[in-house]
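Structure first, commentary second.
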Amino acid sequence: MLIVGSNYAYLRRMITREVEERDNIIFVRGSGAWTRAEVDEHFRELRRVIQDMRNAARPIRILSDVTLAERQLPELEAHIKRQHSQTYKSGDRVALLVRDLDDKQHARAALGLADVAAFNSQLAAEMWLVEDSLKRPA
């Protein structure tokens, strides 16, 4: 499900997933503020998609666009971090597409995982995901 433009105005919160077969990228888009139940459902479904990809010996590459998401409550951010550690393994790459420099710094500090990077550009995020020789940006 791809949602474009200002159609987000009617959405208070949403998390969607889709797989781009050509580049083996799982696109996640989040908007609004989420509940713990929504986060749990998202990661449960995401782990199912990831397991299917692992079974097919495909690399795990996630592009999570949170440019339309609100900053979550600290307790929920801690829960999301725990979900990340239960979902991703060494070698998986997760690119967070964020709104601005402040969100970029916040995401890096909140997650701090080796294979997670925050970007303001979708093109740069996709390049990092598909090119293993590129180091995580500072």
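For the subset of the range 68-106 comprising residues that are under 11 Å from the mean Cα position of the chain (by Cα) and β-branched (Val, Ile, Thr), which member is nearest to SER31 (Cα to Cα)? This residue is VAL98.
Going through (1) of a type in the set (Asp, Glu); (2) exposed (fewer than 15 other Cβ atoms within 10 Å of the Cβ); (3) in contact (Cβ under 8 Å) with a residue 24 or more places away in the chain; (4) closer than 23 Å to ASP23 by Cα one by one, ASP40 falls short only on (4). Summed over the range 26-60, the residues that are hydrophobic (A, V, I, L, M, F, W, C), assigned to a helix (DSSP H, G or I) and more than 21 Å from LEU97 (Cα to Cα) give a count of 2. Total residues in the range 4-30 satisfying the condition of being small (Gly, Ala, Ser) and either at pLDDT 65 or above or under 15 Å from PHE43 (Cβ atoms) (or both): the figure is 1. Across the range 63-70, a minimum of one residue is classified as at pLDDT 90 or above, within 23 Å of ARG136 (Cα to Cα), of a type in the set (D, E, K, R) and surrounded by 13 or more Cβ atoms within 10 Å (Cβ to Cβ). Considering the range 80-100, and only residues there that are touching a helix residue (DSSP H, G or I) at 6+ places or on another chain (Cβ under 9 Å), of a type outside the set (S, T, N, Q) and assigned to a helix (DSSP H, G or I), the residue that is surrounded by the fewest Cβ atoms within 10 Å (Cβ to Cβ) turns out to be LYS81. Just to be sure, is LEU68 in contact (Cβ under 8 Å) with a residue 60 or more places away in the chain and under 16 Å from TRP34 (Cα atoms)? Criteria met by LEU68. For GLU126, the test of being touching a helix residue (DSSP H, G or I) at 6+ places or on another chain (Cβ under 8 Å), of a type in the set (Asp, Glu) and either under 21 Å from SER31 (Cα atoms) or touching a residue at least 60 places away in the same chain (Cβ under 8 Å) (or both) is failed.
The values are calculated or read from the model by the stated rules, or taken from the named source; none is laboratory data. Keep in mind the model is a prediction, meaning the values are calculated, not measured. Virtual Cβ from ideal backbone geometry, glycine too; neighbours counted across all protein chains shown.
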